[in-house]
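*Asks:* Sharing a structure here in structure tokens format.
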Amino acid sequence: MLPEYGRPVTELLAELTALKAADLPVRGGKVTAYVYDTGLPEVHEAAHRAYAEMLEVNMLDPTAFPSMVALERRVVGAVAELLGRPGAPGIFTSGGTESIMLAVKAARDARPGAARVVLPVTAHPAFHKAAHYLGLEIVPVPVDPVTYRASAEAFGDALDDRTALAVVSAPSYPQGVVDPVEEVAALAAARGVPCHVDACVGGWLLPWLREAGAAIPPFDLSVPGVTSISCDLHKFGYAPKGASVLLFRDAELRRRAYFASAAWPGYTIINATVQSSRSAGPLGGAWATLQALGRQGYLELGRRTLEATRRLVEGVGKIPGLRVLGEPQAALVAVAGSPEVDVFVLADEARRLGWFLQPQLSYAGIPANIHITVTGVTLAGVDAMLEVIAEAAEAARRRGPAEVPEGLPELIASLDLDALDDATFAELAASVGIDLTATARPGTAAESGAASQPGMAVVNAVLDALPPATREAILVRFLSVMYS
């Protein structure tokens, strides 16, 4: 609400602190998704100060603010050097979704009439979002049921003259494995189809893991046939949120990502990104993070991350009722349960112990699992994490699987959700024990600590029992109610 008169800064900051009390912690390694921590406070401080310094610089007009052009050249240049093509043209974006959106747009505009995007079932939903926004069709291909890598043979069958873009992941987020980039890029090139590598998670990680001794297959712009690659610096680059880079093999394809309009009497419109006005704060923060860490800093973080990942995979393998899916090549580990250990219950039990482990629903024959992102700070707490996972698994064994009310998935699937307003939907959720309004109440969860966090096992179990389209409809309604 807008106050009648202005309030003092100290009061505003105190209120923000109170509002954040129920948030997951962004430092310390107990949250294994969404946040990336070096464990080096001085690096994050440098990023914050640079972010604030560039906060009010508007990236809408590069001729008005040459500082942002200089910084973008430096940041994009660093990414291009690391990813196999020094000097490659690129764009600094707000995140992986925007990088992917622009890569899809560039490919679509480069192949007029082609309207299909061929990708593995493990590819990030940002490609589905881009296709939805840009009027394209998604053609999914299967992955190997053991390795979870995309099938090159299936790509060969799916690619045709209607294909605007082929997509592979390095790595795919769900299981942390690298798709067969060389094989798919060669197949795409033979048909004249652009090939994008989604390295949003791995672009600024895999090269350092390789230097630290991991066996990382070729995946970047040095691979023939790869025409674009996305790399998030706010993930394993450890920059503040809002920092990603999209690289292209050549400037001609990059120009396809741009948007210009002269169809009005106002100021000149030429945008490199989906956004027009945007702060240069994330760009300043990304540049400062790269400079504060340097090559040796990232290499050391890579060594720690590799060791922590190996210890986590080995430790999980010793916990009865749990198994790691595939053989993770990056610092992303998916842990499946068993009939006696429900991973959704395990996640709730871990949350009760103060740790957030990200649940992933089953899809395309891949079982439900918990996802763990290993970062630079994880090594210091990997033994504690394994103890929590073991304790949570044992608690899940005692509790048994989440009980889905009989007939509830079928009832939900039969509902005309469009006919329900948000209030009615909230009442329906409350009838099965889900209070959607509590999430938005300041201080609610913080007042009694982590143990008060809502249990999500039943919610996830219900979602897991529904077809994907119904899951999507339910999630849209959840979001609408939470913000109402």
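*Asks:* Under 18 Å Cα-Cα from Lys30, which lysines qualify once same-chain neighbours fewer than 8 residues away are excluded?
*Replies:* Reachable lysines: Lys20, Lys235.
*Asks:* Let me know the charge dipole size of the chain about its Cα centre in debye, to the nearest 20, where only the beta-carbon of Lys, Arg (+1) and Asp, Glu (-1) is charged. Mind dumping the intermediate values first?
*Replies:* On the way: 39 positive and 53 negative charges, 249 e Å.
Computed about the Cα centre, the dipole is about 1200 debye.
*Asks:* A further question on this structure: Please give every one of the lysines within straight-line cross-link reach of Lys129, meaning a C-alpha to C-alpha distance under 18 Å, and leave out same-chain neighbours fewer than 8 residues apart.
*Replies:* Of all the lysines, those that pass the test against Lys129 - Cα under 18 Å, at least 8 places apart if same chain - are Lys105.
*Asks:* Suppose only helical runs count, i.e. DSSP H with n ≥ 4. What mean residue ellipticity at 222 nm does that imply for the chain under -39500 (n - 2.57) per run, divided by all residues and rounded to the nearest 500 deg cm²/dmol?
*Replies:* Numbers: 16 runs with 200 residues, N = 484.
Counting only the DSSP helices, I get -13000 deg cm²/dmol.
*Asks:* Please give, to one decimal in nm, the separation of the simple spin-label points placed at Tyr483 and Tyr363, each 7 Å out from Cα toward the Cβ.
*Replies:* Label at Tyr483, label at Tyr363, 2.1 nm between them.
*Asks:* Going 7 Å from the Cα of Tyr133 along its beta-carbon direction, which residues of region 269-300 have the amide nitrogen within less than 19 Å of the resulting point?
*Replies:* Under cut-off, by backbone N: 269-280, 282-283.
*Asks:* While we're on this one: Where in region 27-124 are there GluC sites (Glu not before Pro) that are in a DSSP coil and have at most 15 other Cβ atoms within 10 angstrom of their Cβ? It would help to have the intermediate numbers written out before the result.
*Replies:* Numbers: sites: Glu42, Glu45, Glu53, Glu56, Glu72, Glu81, Glu98; in loops: Glu56.
When the GluC sites (Glu not before Pro) of region 27-124 are filtered for loop state and at most 15 Cβ neighbours within 10 Å, Glu56 remain.
*Asks:* Order by neighbour count: Lys105, Lys318, Lys235, Lys129, fewest other Cβ atoms within 10 Å first, most last.
*Replies:* Working: Lys105 21, Lys318 9, Lys235 25, Lys129 14.
Ascending Cβ contact count within 10 Å gives the list Lys318, Lys129, Lys105, Lys235.
*Asks:* Within straight cross-link reach of Lys318, meaning Cα distance under 14 Å, which aspartates and glutamates are found once same-chain residues fewer than 8 apart are removed?
*Replies:* Within the straight-line cut-off, Lys318 pairs with Asp383, Glu387, Glu391, Glu394.
*Asks:* Once you list every other residue whose beta carbon is under 13 Å from the beta carbon of Pro142, what net charge do they have if Lys and Arg are +1 and Asp and Glu are -1? Kindly include the intermediate steps, with their values, before the conclusion.
*Replies:* Details: positive: Arg149; negative: Asp144, Glu153, Asp157, Asp179.
Summing Lys/Arg as +1 and Asp/Glu as -1 gives -3.
*Asks:* State the answer as a single residue: which of Leu165, Pro140, Val57 lies farthest towards the positive end of the charge dipole of the chain, with beta carbon charges of +1 for Lys and Arg and -1 for Asp and Glu, about the Cα centre.
*Replies:* My answer, from the dipole projection, is Val57.
*Asks:* Placing +1 on the Cβ of each Lys and Arg and -1 on the Cβ of each Asp and Glu in the chain, which of Ser480, Pro41, Ser222 has its Cα farthest towards the positive end of the resulting dipole?
*Replies:* So the residue we want is Ser222.
*Asks:* The list [x] 98, 59, 49; [y] 65, 59, 52; [z] 68, 53, 52 gives values of Cα extents along the principal axes in Å, and only one came from this structure; which label was calculated from it?
*Replies:* [y]
*Asks:* What FRET efficiency, computed as 1/(1 + (r/R0)^6) with R0 = 35 Å and r the Cβ-Cβ distance, is obtained for Thr10 and Glu406, rounded to the nearest 0.05?
*Replies:* Working from the Cβ atoms, E equals 0.05.
*Asks:* Next question. Considering the options Ala392, Cys200, Leu415, tell which one lies farthest towards the positive end of the dipole of the chain, charges being +1 on Lys and Arg and -1 on Asp and Glu at the Cβ, about the Cα centre.
*Replies:* Comparing the listed Cα positions along the dipole, Cys200 ranks first.
*Asks:* Full-extension gain between Glu314 and Gln291, please, as 0.36 nm times their residue separation minus the C-alpha to C-alpha distance. Kindly include the intermediate steps, with their values, before the conclusion.
*Replies:* Working: separation 23, 0.36 × 23 = 8.28 nm, distance 3.41 nm.
The Glu314-Gln291 span can extend by a further 4.9 nm.
*Asks:* If you rank Cys231, Cys195 by fewest surrounding Cβ atoms within 10 Å, what's the result?
*Replies:* Values: Cys231 32, Cys195 27.
Going from sparsest to densest Cβ surroundings: Cys195, Cys231.
*Asks:* Based on the mean of other beta carbon atoms within 10 Å per residue, what is the order of 295-306, 322-333, most packed first? Spell out each step's value before the answer.
*Replies:* Numbers: 295-306: 19.2, 322-333: 21.6.
Result, highest mean Cβ count within 10 Å first: 322-333, 295-306.
*Asks:* As an exercise, use a Förster radius of 22 Å and the Cβ-Cβ distance of Glu327 and Asp161 to find the FRET efficiency, rounded to the nearest 0.05. Please list the in-between numbers first.
*Replies:* Values: r = 36 Å, r/R0 = 1.63.
The value I calculate is 0.05.
*Asks:* Go ahead and run the numbers for FRET between Ala21 and Asp109, Cβ-Cβ distance against an R0 of 56 Å, rounding to 0.05.
*Replies:* On the way: r = 47 Å, r/R0 = 0.84.
Calculated transfer efficiency: 0.75.
*Asks:* Mind giving me the nanometre distance, one decimal, between the label points for Asn58 and Ala260, set 7 Å out from Cα along Cα→Cβ?
*Replies:* The answer from the label model is 2.1 nm.
*Asks:* Would you tally the net charge around Ala413, using a Cβ to Cβ cut-off of less than 15 Å, leaving Ala413 out, and scoring K and R as +1, D and E as -1? Display every interim value, and only then the final one.
*Replies:* On the way: positive: Arg471, Arg477; negative: Glu406, Glu410, Asp416, Asp418, Asp464, Glu472.
Spelling it out: positives minus negatives among the neighbours equals -4.
All of the numbers you see were taken from the coordinates with simple rules; none came from a lab. Note that the coordinates shown come from a computational prediction; the quantities given were computed from them, not determined experimentally. Every residue, glycine among them, receives a Cβ derived from its backbone with ideal geometry; neighbour counts consider all protein chains shown.
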